[in-house]
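Structure record follows, encoded as structure tokens.
The values are calculated or read from the model by the stated rules, or taken from the named source; none is laboratory data. Quick caveat, the model's predicted, so the values are computed rather than measured. For neighbour counting, all protein chains shown are included, and Cβ atoms are generated from backbone atoms with ideal geometry for every residue, glycine included.
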Amino acid sequence: MTAPALSVTGLHKSFGANAVLRGIDLQAQDGEVISLIGASGSGNSTFLRCIPMLEVPDSGRVAVGEQVIEPQNGILSRRDKVTARTIRSELGFVFQSFNLWPHRTVLEKVIEAPIHLQGRPPRPAVRRADKRAGP
Ligand SMILES: Nc1ncnc2c1ncn2[C@@H]1O[C@H](COP(=O)(O)OP(=O)(O)OP(=O)(O)O)[C@@H](O)[C@H]1O
Ligand SMILES: [Mg+2]
């Protein structure tokens, strides 16, 4: 059986005394669409930020496909850090607030990561972006 696209188990994250995530589990299969709904301040963004380790969980397990990270006491091992880079290169993440560049076209924004993070040549990156922009 293939691994789920995303598997999160027992995720904990506190900011000081503020225990925001207290043992979150979530599994997503390839192509599955999941809405995460919670009151403002309940940890929606924190949970999403923990998947690519933009926020390091205190404990728990995050697996994106075959890539697995298990922080210990909020610390990533050297191997975890390498895995986090691999996960980030594969994962799309749209930030909540406005963090895009006003001076770039949509196409330029879309090809930025494939060119600079994945090392794709510009022309194939543009072709791929154009193809996915179809109706
Ligand atoms: N870097 C941080 N340092 C300290 N506290 C933080 C940090 N990030 C988030 N928090 C706190 O963690 C809690 C959850 O924040 P989070 O941003 O995940 O909320 P949210 O559910 O995404 O809210 P909203 O729906 O308003 O975006 C809040 O109490 C917030 O103040
Ligand atoms: Mg948020």
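Let's see how each residue does on (1) assigned by TED's automatic domain parsing to the domain that holds HIS116; (2) polar (S, T, N, Q); (3) within 16 Å of ligand 2 (Cβ to nearest atom); (4) at pLDDT 95 or above:
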| position | (1), (2), (3), (4) |
| --- | --- |
| HIS12 | no, no, no, yes |
| PHE15 | no, no, yes, yes |
| SER59 | no, yes, no, yes |
| PRO71 | no, no, no, yes |
| VAL82 | no, no, no, yes |
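For LEU76, which of the numbered conditions (1) within 16 Å of ligand 2 (Cβ to nearest atom); (2) without any contact (Cβ under 8 Å) to a residue 24 or more places away in the chain; (3) of a type in the set (A, V, I, L, M) fails to hold?
(1)
Look at the range 93-125 and say how many of its residues are of a type in the set (Gly, Ala, Ser), closer than 28 Å to ILE69 by Cα and surrounded by 13 or more Cβ atoms within 10 Å (Cβ to Cβ).
Residues of the range 93-125 of a type in the set (Gly, Ala, Ser): 97, 113, 119, 125.
Now narrow it down to the ones that are closer than 28 Å to ILE69 by Cα: 97, 113, 119.
Then keep just the ones that are surrounded by 13 or more Cβ atoms within 10 Å (Cβ to Cβ); that gives 113.
Qualifying residue count for the region: 1.
Which of the residues that make up the range 66-92 are exposed (fewer than 12 other Cβ atoms within 10 Å of the Cβ) and assigned to a loop (DSSP other than H, G, I, E, B)?
Across the range 66-92, the qualifying residues are GLU66, ASN73, GLY92.
Only residues that are among the polar types (S, T, N, Q), within 16 Å of ligand 2 (Cβ to nearest atom) and not in a loop (DSSP other than H, G, I, E, B): list them for the range 19-56, please.
We begin by selecting, within the range 19-56, every residue among the polar types (S, T, N, Q); these are 27, 29, 35, 40, 42, 44-46.
After this cut, where a residue has to be within 16 Å of ligand 2 (Cβ to nearest atom) as well, the list is 35, 40, 42, 44-46.
Correct list: ASN44, SER45, THR46.
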